[in-house]
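Please read the structure below before turning to the comments.
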Amino acid sequence: RGELMINDAYLHQYYVDGIPKQLNISVIGKDISITNAEMHNTNFELTERLMSENQLKFGTCEASTLKYRISNIYEPLINQEILVSERLKGLKDDFVFGKYKIFSDTPTSDRQYRDIVAYDAMHRIINADVADWYNSVFVSDDVVIPLKELRHSFCLHFGLEEEDIALCNDDMLVSKTIFPSEISGKDVLSCIGEINGCFPHISRSGKMQYIVLKNASKAVYPEN
């Protein structure tokens, strides 16, 4: 699932046996750094998907989930932001897993370890109520803006940068069609992705990106 986001240099090194790897999880704003020494049995899992449904559905936006177990860290870390990277011997730069926010920090029953669950910025977006933002953009029924301007405004609302891309329906004009007292960020972002035939996703650099599927080879049609 994550290979689409990994460049060839890193991907090759991960398949080579015996390459030393040093994980580093830095708690932003605190002098706490988690390395291989604190990881319990290298218990580390990253789930990254464009979509988990069985049928292809453009506009699907899912948060990446990070889970790991640590020891020798006694301060609760819930709601803390972390930056996760890994040093692979032989490569100049670290491989960056991205920035995440800790959603749960649960001690095990014997209190020897802590189980951490963290999500990337997409988790906050899809669970947010953005009715106030929507109504501030469309202050009247006469407001008409390009879809590109709408998606820029949406990302600015969450303090996110966007990767530079031209989407197929960026020039489509959008006006006020609903009068919401509540609307989720997921609904808005899914519509932006669906109408452009792409998948909104948070990159490992923390930017909003819109992933467009490449045309499948005719040799493997229709499987892909």
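Which residues, counting only those in segment 72-84, are in contact (Cβ under 8 Å) with a residue 12 or more places away in the chain and open to solvent by 20 Å² or more (accessible area, probe 1.4 Å)?
N72, I73, E75, P76, I78, N79, Q80, E81, L83
Would you check which residues across segment 66-124 are of a type in the set (D, E, K, R), out of contact with any Gly (no Cβ under 9 Å at 6 or more places or on another chain) and closer than 29 Å to M51 by Cβ and list them? First the steps, then the outcome.
First, the residues of segment 66-124 that are of a type in the set (D, E, K, R): 67, 69, 75, 81, 86-87, 89, 92-94, 99, 101, 105, 110-111, 114-115, 120, 124.
Restricting the remaining residues to those that are out of contact with any Gly (no Cβ under 9 Å at 6 or more places or on another chain) gives 67, 69, 75, 86-87, 89, 92-94, 101, 105, 110-111, 114-115.
K67, R69, E86, D94, K101, D105, D115 - these are the residues of segment 66-124 that are of a type in the set (D, E, K, R), out of contact with any Gly (no Cβ under 9 Å at 6 or more places or on another chain) and closer than 29 Å to M51 by Cβ.
Give me a count of the residues in segment 157-193 that are touching a residue at least 60 places away in the same chain (Cβ under 8 Å) and either crowded, with 16+ Cβ neighbours inside 10 Å or aromatic (F, W, Y) (or both).
Adding up the residues that qualify gives 6.
Within segment 110-123, is there a residue that is modelled with pLDDT of 95 or more, under 30 Å from I183 (Cβ atoms) and open to solvent by 80 Å² or more (accessible area, probe 1.4 Å)?
Checking segment 110-123: not a single residue is modelled with pLDDT of 95 or more, under 30 Å from I183 (Cβ atoms) and open to solvent by 80 Å² or more (accessible area, probe 1.4 Å).
Can you spot a residue in segment 207-221 that is among the hydrophobic types (A, V, I, L, M, F, W, C), surrounded by fewer than 11 Cβ atoms within 10 Å (Cβ to Cβ), at pLDDT below 95 and more than 17 Å from the chain's Cα centre (by Cα)?
Narrowing segment 207-221 to residues among the hydrophobic types (A, V, I, L, M, F, W, C): 208, 211-213, 216, 219-220.
Next, from what is left, pick out any that are surrounded by fewer than 11 Cβ atoms within 10 Å (Cβ to Cβ): 219-220.
Now drop any that are not at pLDDT below 95, which leaves 219-220.
The next check asks that each one be more than 17 Å from the chain's Cα centre (by Cα); those that pass are 219-220.
Checking segment 207-221: at least one residue is among the hydrophobic types (A, V, I, L, M, F, W, C), surrounded by fewer than 11 Cβ atoms within 10 Å (Cβ to Cβ), at pLDDT below 95 and more than 17 Å from the chain's Cα centre (by Cα).
Of the residues that sit in segment 89-109 and are under 24 Å from I202 (Cα atoms) and among the hydroxyl-bearing types (S, T, Y), which one is least open to solvent (accessible area, probe 1.4 Å)?
Ranking the qualifying residues of segment 89-109, first place goes to Y100.
Restricting to segment 120-139, count the residues that are in contact (Cβ under 8 Å) with a residue 24 or more places away in the chain, out of contact with any Ser or Thr (no Cβ under 6 Å at 6 or more places or on another chain) and not in a helix (DSSP H, G or I).
5
Looking at T60, T42, T35, T47, which one is among the β-branched types (V, I, T) and in contact with a helix residue (DSSP H, G or I) (Cβ under 9 Å, 6 or more places away or on another chain)?
The match here is T60.
The values are calculated or read from the model by the stated rules, or taken from the named source; none is laboratory data. Keep in mind it's a predicted model, so treat the numbers as computed, not measured. Cβ: placed from backbone, ideal geometry, glycine included. Neighbour counts: every protein chain shown. For accessibility, only protein heavy atoms count, side chains too; no ligands or nucleic acids. Shrake-Rupley method; radii C 1.70, N 1.55, O 1.52, S 1.80 Å.
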